[in-house]
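The values are calculated or read from the model by the stated rules, or taken from the named source; none is laboratory data. Keep in mind it's a predicted model, so treat the numbers as computed, not measured. Positions of Cβ are generated from backbone atoms using ideal geometry, with glycine treated the same way; all protein chains shown enter the neighbour counts. These accessible areas exclude ligands, DNA and RNA; they are computed on the full protein's heavy atoms, side chains included. Shrake-Rupley method; radii C 1.70, N 1.55, O 1.52, S 1.80 Å.
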Amino acid sequence: MTAYDACFSKIASEAGVEVLLVGDSLGMVLQGHDSTLPVTMNDMIYHMQCTKRGNRGALLMADMPFMSYASETQTLENAAALMRAGANIVKLEGGAWIANTTKLLVERGIPVCAHMGLTPQSVNRLGGFHVQGRDTNQAQEIIEEALLLQKAGASLLLLECVPKSLGKKITASLEIPVIGIGAGADTDGQIMVLHDLLGVSPITPKFVKNFLENDTRGIPGAMSSYTAAVKNKAFPGPEHCFK
Ligand code: KIV
């Protein structure tokens with residue numbers, strides 16, 4: 001799941017969450033923007049430092065924010081800054097066009113998670129936060145580009161908002177683990193935005209579930225329920241998946 005500060009990273013890592021993403025979703029859920037585009041490197045560094053202080057053993061992933069990997073020099077400097085702040089791995093949004101960037105980072109010792117499907121930093125090009133890969137050609141393109149990113153050295157793939165069948169196909173095609181969000185139940189893992197899990201987000205996409213509302217143990221209980229539901233495949237259910 002995502003985390004942005006010491007308090008929640010402590011609770012989440014103690015509840016068994018294995019990967020904590022300091023996501024640029026902080027622009028929407030913490031800062032109140034309508035997209036992730038305004039998030040800066042300074043924001044990411046600050047929240048990674050906070051998250052690291054509370055972490056009790058989860059892998060820490062940091063988003064490289066919008067335009068922070070536009071050139072080779074920028075990429076290396078910005079990824080290094082996130083690693084110094086506590087990240088174990090950085091996440092980049094894109095397809096084939098981030099293959100060289102992925103290779104560059106991996107060669108220099110920085111593990112990469114590629115983020116495909118709905119890539120929120122490209123919301124203006126995509127025309128909104130819509131499900132991706134419903135069209136056969138686009139689905140095939142996503143599969144081919146995911147294979148390319150695996151070949152370039154990506155350690156993980158985060159797959160957002162694609163039909164369940166495509167999530168399954170991509171997961172079967174790749175050797176690296178695929179973490180899904182709105183990508184169906186057949187990916188290797190799941191990720192959810194903290195505020196969605198707690199039911200305090202301004203919007204509720206189809207693929208989220210409020211784990212707090214029926215948990216009498218409070219926030220730590222909600223996080224334990226979430227990790228258990230993901231591990232025993234009770235979440236996501238058919239109602240959380242796209243066709
Ligand atoms: O920034 C973020 O929170 C993300 C989500 C898709 C998990 O990348």
Inset, instruction - Go ahead and run the numbers for FRET between residue 108 and residue 67, Cβ-Cβ distance against an R0 of 35 Å, rounding to 0.05. - result: 0.95
Inset, instruction - Let me know the charge dipole size of the chain about its Cα centre in debye, to the nearest 20, where only the beta-carbon of Lys, Arg (+1) and Asp, Glu (-1) is charged. - result: 420 debye
Legend entry - By average C-beta atoms within 10 angstrom, highest first, the peptides 215-224, 190-199: 190-199, 215-224
Legend entry - Within-14-Å neighbourhood charge of residue 151 [Cβ basis; K, R +1; D, E -1]: -3
Legend entry - Phi-based couplings in Hz for the range 162-176 (Karplus 6.51, -1.76, 1.60; Gly and Pro marked x): 10, x, 3, 5, 6, x, 5, 5, 5, 4, 6, 7, 9, 8, 6
Legend entry - Percent RCO, i.e. relative contact order, over the chain, from Cα pairs under 8 Å lying at least 6 residues apart: 16 percent
Inset, instruction - Of the listed pairs 52/103; 206/243; 103/164; 209/233, which have alpha-carbon separations greater than 18 Å here? - result: 52/103; 103/164
Legend entry - Part-to-part distance (alpha-carbon centres) for the range 79-97 and the range 56-74, which is given in Å: 3 Å
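Across the chain, how large is the tail of the calculated P(r) beyond 35 Å, expressed as a percent of all Cα pairs? Show your work: numbers first, answer last.
Working: 1782 of 29403 pairs.
Taking all Cα-Cα pairs of the chain, the fraction more than 35 Å apart is 6 percent.
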Inset, instruction - Give me the accessible area of residue 213, 1.4 Å probe, in Å² rounded to the nearest 10. - result: 130 Å²
Inset, instruction - Would you pull out the residues with amide H under 5 Å of residue 3's amide H, same chain only if 5 or more places away, H placed 1.01 Å from N? - result: 21, 22, 23
